[in-house]
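Notes follow the structure.
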Amino acid sequence: MKLDALTTSNGEWLRGTGPEADIVMSSRVRLARNLAQYPFVGRATEQERTEVEQFLHSRLTQVPVGGKLEYLDLGELEELDRQFLVERQLISREHAEAVGARAVAIDAQEQVSLMINEEDHLRIQCMHSGLDLHAVWDQVSAVDDEIESVVPYAFHDRWGYLTACPTNVGTGIRVSVMLHLPALVITRQIDKVFRSLHKISLAVRGLYGEGSQAFGDFYQISNQTTLGRTEQDLISQVADVVPVLIDYERRARDFLLQETEQNVHDQVSRAYGILRTAQTISAEETMQLLSRVRMGVLLGLIDDIDVAGINQLLVRTQPAHLQKLRGVELETKDRNIERARYLRQYFESKAADVN
Amino acid sequence: MRCQQCDKQAMFHITELETGDVREIHLCEDHARVYLNQAEANGEAAEGGSSSGALGVGQTAEELSELDQKVCDMCGITFFEFRNQGRLGCPHDYVQFEQELEPLIANIHGAVEHVGKRPQRAAPAPGAEPLPTATESLTSVIGLRKAIREAIEHEDYEQAGTLRDEIQQRLDAWRAAAEPARKVSPEQPGTAAGESG
């Protein structure tokens with residue numbers, strides 16, 4: 001099955017390549033679209049939802065959207081598999097947890113994800129590793145054009161693309177970049193940065209979108225408004241602020257090295273030590289420690305492991321990934337033991353490689 | 001804690017102090033925005049006494065409750081239901097509730113006019129019908145489908161059949177209009193087995 005093949009790959013958002021990949025994990029754009037001939041998902045009858053799903057399924061297989069798409073009926077998937085897709089950022093938590101007819105179509109590179117019957121009938125998402133928003137927009141817009149030629153989108157001259165929630169109406173676009181900002185967290189500048197982002201109407205979210213906490217110093221920056229500005233404008237609004245944030249983070253990292261090298265070296269080494277020796281460890285703690293180790297590698301304080309390896313661990317130690325890798329469903333307690341074992345084995349094999 | 005209006009996690013915990021009454025409200029980010037924007041619109045109106053027709057602007061409780069009872073002809077959602085859920089029922093709501101939505105949307109986005117991408121098919125003629133003809137006639141299918149369900153409830157199968165034909169016609173018309181844009185397979189949009197009631 002396709003999902004099992006994904007287990008051993010890293011997924012686009014943690015590939016760890018692309019421009020500014022030491023700080024920018026991924027760039028993502030999603031478009032919210034609805035069919036004109038059906039009520040929005042929240043008000044559709046069960047039958048109407050099923051029809052929307054069937055209609056879009058038949059249409060999406062006709063359009064060339066970046067190669068062959070894998071179509072997954074979420075209702076047929078195990079909960080573990082849905083969680084797995086959430087961890088890879090291919091569907092949202094809401095989409096995973098909802099009921100009724102819903103699906104997702106994913107391309108082989110895991111860059112394009114078409115969510116059917118999420119909050120809107122169709123959500124077109126495209127994601128690249130690193131800072132690459134304009135290329136992402138070109139790709140998502142091309143996919144949108146292809147779909148639009150065979151699907152009657154609900155569109156209004158004045159209001160633009162019509163969405164279930166008025167907060168998405170107009171362009172239906174959400175532009176986000178995921179950033180790794182450990183030095184800004186350690187130097188306690190992060191809140192100040194976020195307050196200034198809010199002032200220019202940008203939203204800050206945790207790793208898994210709305211309502212999720214920012215585990216491991218990973219943050220998503222995205223646009224709040226969707227109406228009255230062009231997509232290019234809204235993309236620039238996010239894209240223009242990212243170099244500033246990168247600069248802040250780099251300066252904070254330099255500051256840590258120059259002013260408090262002993263301290264930061266100690267923190268990083270302790271984090272590394274726990275990851276290599278712990279006997280039981282939660283997903284949250286793992287992410288927090290991996291974040292510190294990742295920074296340590298980038299600062300040259302740790303040299304026997306690479307960033308790509310850390311990125312891989314970030315995704316593989318997530319609950320659903322861990323269970324799929326081990327091929328067995330585990331309770332939280334057992335998962336924490338298994339996670340610790342997985343980490344120890346990983347670092348032991350790395351050490352063996354070095355010797 | 002869950003949002004009071006949907007299943008998402010509540011991120012905003014609002015305490016409303018009204019005369020002699022303390023009310024706790026727990027909302028997710030989206031619903032909080034809708035809620036706060038509404039409150040702001042109401043607040044500004046109360047202070048400024050503007051008559052811009054904003055949600056609840058200078059309106060009595062009676063007028064407000066009248067507003068809440070407005071119903072979408074297509075999906076049947078009331079404005080009250082929308083205010084509670086923060087989610088609209090169907091694309092036609094944007095036409096039906098245009099006046100009521102305008103101040104709300106202006107508050108959220110700081111704009112009331114879409115600029116940017118348009119479906120190539122929509123061919124926007126300024127001052128034309130609110131929805132591009134193809135979209136509008138398709139949106140009307142939502143109401144027809146609801147009417148079919150009602151007809152079947154009243155065992156009026158003849159009426160249901162007539163309505164079903166009507167839906168088919170509109171979907172066919174869309175397909176004919178869409179065809180020049182792209183060659184599609186002969187199956188119709190949104191028919192599925194579903195229209196059999």
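The values are calculated or read from the model by the stated rules, or taken from the named source; none is laboratory data. It should be emphasised that the depicted structure is a prediction, and the values quoted were computed from it without experimental measurement. All Cβ positions, glycine included, derive from the backbone under ideal geometry; neighbour counts span all protein chains shown. Accessible surface is based on the protein model in full, side chains and every heavy atom, while ligands, DNA and RNA are left aside. Shrake-Rupley method; radii C 1.70, N 1.55, O 1.52, S 1.80 Å.
Summary table
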| item | result |
| --- | --- |
| Within segment A:3-247: Cβ-based charge dipole about Cα centre, in debye rounded to nearest 20 (Lys, Arg +1; Asp, Glu -1) | 820 debye |
| Surface/4 estimate of mean projected area, convex hull on alpha-carbon atoms of segment A:103-182, nm² | 6.7 nm² |
| Measure of compaction for segment B:78-122 (Cα Rg per 2.2 N^0.38 Å) | 1.30 |
| Accessible carbon and sulfur surface of segment A:3-247 relative to its total accessible area, %, 1.4 Å | 48 percent |
| Added length on full extension, which subtracts the Cα-Cα distance from 0.36 nm per residue, A:ARG195 to A:THR45 | 49.8 nm |
| Average Cα contact separation per residue, segment A:64-156, under 8 Å, 6 or more apart, as relative contact order % | 23 percent |
| Protein accessible area in segment A:260-354, 1.4 Å probe - carbon and sulfur % | 45 percent |
| Buried area at the A-B interface (accessible, heavy atoms, 1.4 Å probe, summed, Å²) | 5500 Å² |
| 10 Å Cβ neighbours from other chains, averaged over peptide A:49-61 | 3 |
| Whole-number accessible area per residue in Å² for chain A, which is evaluated in the context of all protein chains at 1.4 Å | 36 Å² |
| Summed side-chain charge close to A:SER222 - residues other than A:SER222 whose Cβ falls under 9 Å, Lys, Arg +1, Asp, Glu -1 | +3 |
| Separation in nanometres of the label points that stand 7 Å from Cα toward Cβ, at A:GLU79 and A:SER58 | 3.4 nm |
| Shielding by partners, peptide B:136-146 (average Cβ within 10 angstrom, other chains) | 5 |
| Size of electric dipole in segment A:214-355: Cβ of Lys, Arg +1 and of Asp, Glu -1, about Cα centre, debye, nearest 20 | 500 debye |
| For chain A, calculated [θ]222 nm from helices alone, where every DSSP H run of n ≥ 4 adds -39500 (n - 2.57) | -15500 deg cm²/dmol |
| Dipole of segment A:260-354 [Lys/Arg +1, Asp/Glu -1 at C-beta], most positive-end residue of A:VAL268, A:VAL293, A:SER349 | A:SER349 |
| Sites A:ARG344 and B:ALA111 - FRET efficiency at Förster radius 51 Å, r taken between beta-carbons, to 0.05 | 0.40 |
| Estimated FRET transfer efficiency (A:ARG158, A:ARG276; beta-carbon r; R0 35 Å; 0.05) | 0.05 |
| Computed over chain A: relative contact order in percent, which uses C-alpha pairs under 8 Å that are six or more apart | 19 percent |
| Cα-based Rg / Dmax (Å) for chain A | 20.9, 66 |
| Signed unit charges on C-beta, dipole axis of chain A, positive-most listed residue A:ALA32, A:LEU313, A:GLN258 | A:GLN258 |
| Stokes-Einstein D in µm²/s, Kirkwood radius over Cα pairs - segment A:260-354 at 37 °C with 0.692 mPa s viscosity | 244 µm²/s |
| Semi-axes of the equivalent ellipsoid for segment A:57-103, Cα gyration tensor, largest first, Å | 21, 13, 9 |
| Residue among A:VAL242, A:ALA142, A:THR50 farthest towards the positive dipole end of segment A:3-247, charges placed on Cβ | A:VAL242 |
| For segment A:1-143, Kirkwood radius (reciprocal of mean inverse C-alpha pair distance, Å) | 15.5 Å |
